[in-house]
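Since every read-out is calculated from the coordinates, none of them should be taken as a lab result. The structure displayed is predicted, hence computed values, not measured ones. Here Cβ is always computed from backbone atoms with ideal geometry, including for glycine, and neighbour counts include all displayed protein chains.
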Amino acid sequence: MTRSSRPGLVLEVDRRTPPVLFHNGENFRLERLPSGSRIVYPPEPLEALKHPEDAIARAVDNPHNADPLRAKLRPGMKLTIAIDDISLPLPQMQLPDARQLVLERVLTLAAEAGVDDVELVVANSLHRRMTEAEIRRMVGERVFRSFWPDRLRNFDAEDPDDVVFVGTTEHGEEVELCKRAFESDLLIYVNINLVAMDGGHKSVPVGLGTYRSIRHHHNVGTLLESKSYMHPERSALHHSASRMGKFLADKLDIFTIETTLNNAAFPSLYDFLSKRELEWSLRDQATYLAVTSGLKRLPDQMRHKLLHSIASPYELTGVNAGETEATHAKTLENLHRQHVVQVEGQADIMTCGVPYIGPYNVNSIMNPILVVCMGLGYFFNLYRNAPLVRPGGVLILTHPTPRAFHPVHHPSYIDFFDVVLADSTDPKVIEQKYEKQFAEDEWYRHLYRTSYAYHGVHPFYMWYWAAHAMDYLGDVIFVGGDRAVVSRLGFRTATTMADALEMASETVGRRASITHLHCPPLFLPEVTP
């Protein structure tokens with residue numbers, strides 16, 4: 001599927017403007033915004049590469065600031081290929097996955113060069129392990145059958161036999177890494193850059209790193225100094241990860257392969273989710289009504305399964321390879337072609353819907369901590385230069401926020417919600433009082449290593465991800481949220497959007513300006529204050 005791309009749109013609402021679609025967890029809702037409000041729409045999908053396999057071959061044969069990949073491969077060498085995990089793209093790609101196409105080319109070159117010692121490692125860091133079925137889908141049947149399970153595996157950041165302490169950066173950041181990767185003659189990192197936060201020097205030290213390393217940038221102080229995770233130049237998180245990446249690049253031969261996708265996030269049945277409401281056809285309106293009413297009638301388990309089975313018709317828009325920094329610079333240029341929308345001025349109130357899926361609930365449940373991470377962590381930070389909302393402004397989100405957790409994937413999240421948030425919602429207090437206990441808990445460690453649980457410290461990082469927004473905003477209101485749950489999270493609830501806007505007026509006044517972020521699909525407002 002390829003459509004000619006149109007740039008993003010900033011639309012001013014008037015009396016003729018139809019209601020605006022809000023994602024609302026596992027359903028959708030239409031809301032009327034007051035006249036004078038702005039809606040920021042994403043660009044339409046860029047035209048895709050016509051022959052992605054050829055583009056991948058050209059990229060690895062003509063890399064940036066590096067020798068061609070085939071020149072780096074030789075008999076007798078130890079080769080490790082690290083792969084981005086299931087946390088992206090969102091939703092999952094229609095097959096073949098971009099990672100499969102890259103892996104098939106790389107492994108063909110390795111076989112032609114006589115490289116026998118090859119291992120593939122999913123760079124899941126402190127995320128949950130991917131299941132056999134999830135890995136098979138990602139890498140493709142041919143790669144899976146050739147390497148699983150002995151030479152294709154998840155990284156285990158708590159395995160003392162596969163973790164090595166590399167050293168300390170000039171800023172005192174301790175660097176631990178997957179031992180297999182560090183001891184290799186060549187490490188190839190296969191990346192999908194879905195947003196500007198991904199990739200570059202962040203890939204290796206984070207994806208193949210441990211708690212001992214990651215705590216140096218996934219902490220409250222660093223994240224408070226990260227003025228948009230999507231603007232690396234202004235992100236202390238990226239500065240720290242880059243120092244670690246450069247530190248490793250001096251000791252290890254790293255060949256980076258990065259891909260970018262267009263933002264064709266929904267297949268034809270759900271295409272109304274990507275369209276501007278004023279352009280909805282009668283068919284789009286009927287589809288919206290059918291989908292929303294159908295989802296409401298489905299039992300929870302069936303609704304989860306249906307939504308997480310959606311596969312997006314993403315297509316490759318670019319492939320770059322070579323030395324990490326030079327490669328990533330080209331990747332960001334390509335990404336910004338798809339994502340950047342120019343916006344003039346900040347609003348008093350920002351509105352946005354929180355969807356059913358995020359990086360940490362794939363094939364799982366969007367629990368309340370992840371709702372906060374998505375709304376205040378990711379969507380608030382979808383900007384360059386300045387946020388869509390002014391300092392002290394109000395963020396209004398739509399999500400039902402049920403007290404629902406996946407007991408296998410998120411065991412430490414349950415205790416975080418019940419114990420930690422019952423004591424404090426202040427990220428600094430939580431970090432000082434509870435983080436070490438959860439990070440070193442033997443039961444959480446056991447579940448991370450032997451089951452499919454996120455690391456015990458993971459809910460802390462999701463909460464810290466929202467620290468900048470909590471510090472910046474004057475109020476956060478959830479429309480339709482469970483009152484007890486949202487209260488535990490430290491925010492306010494409203495029954496309707498009109499009620500939420502009335503409540504927001506207490507903070508920003510009755511003549512407040514409003515900007516709605518029409519997301520997903522993902523995009524990047526570049527805001528001039």
At 222 nm, what helix-only mean residue ellipticity would the chain give, in deg cm²/dmol to the nearest 500, using -39500 (n - 2.57) for each DSSP H run of four or more? -9500 deg cm²/dmol
Per-selection Rg to Rh, the range 1-87 - Cα, Kirkwood hydrodynamic radius: 1.24
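At 4 °C and 1.567 mPa s, grab the translational diffusion coefficient of the range 372-529 from Stokes-Einstein with a Kirkwood Rh over Cα pairs, rounded to a whole number in µm² per second.
76
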Sorted largest first, the Cα spans of the range 105-235 on the principal axes come out in Å as 45, 30, 28
Between LYS251 and ARG511, with labels modelled 7 Å along Cα→Cβ, what's the label distance in nm to one decimal, could you check? 6.1
Rg followed by Dmax, in Å, when the chain is reduced to its Cα trace: 22.5, 71
Shape category assigned to the range 313-372 from the gyration tensor of Cα positions, a/c cut at 1.5: oblate
Calculated P(r) of the range 399-487 - Cα pairs past 17 Å, %: 53
Hits among lysines - C-alpha to C-alpha of LYS305 under 18 Å, sequence gap 8 or more where chains match: LYS296
Per q in 0.15, 0.18 Å⁻¹, report the Debye log10 I(q)/I(0) for the range 370-414, using one uniform scatterer on each alpha carbon and no solvent. -0.52, -0.67
May I ask you to sort PHE28, PHE22 by Cβ crowding, counting other Cβ atoms within 10 Å and putting the fewest first? PHE28, PHE22
GluC sites (Glu not before Pro) restricted to the range 202-263 and DSSP loop, no more than 15 other C-beta within 10 Å: GLU225
Just grab the label-to-label distance for ARG297 and SER487, each label 7 Å out from Cα along the Cβ direction, in nm (one decimal). 3.5
Restricting to Cα atoms and excluding each atom paired with itself, what does the Kirkwood estimate give for the range 234-357 in Å? 18.7
With a 10 Å radius around each residue's Cβ, average the other Cβ atoms per peptide and rank 91-103, 366-378, 30-42, highest first. 366-378, 91-103, 30-42
Please report the orientation-averaged projected area of the range 2-44, defined via the convex hull of its C-alpha atoms, in nm². 4.0
Within straight-line cross-link reach of LYS179, lysines at Cα separation under 25 Å, skipping those fewer than 8 residues along the same chain: LYS72, LYS78, LYS202, LYS246, LYS251, LYS436
Please report the spacing between the Cα centers of the range 65-143 and the range 379-434 in Å, no decimals. 33
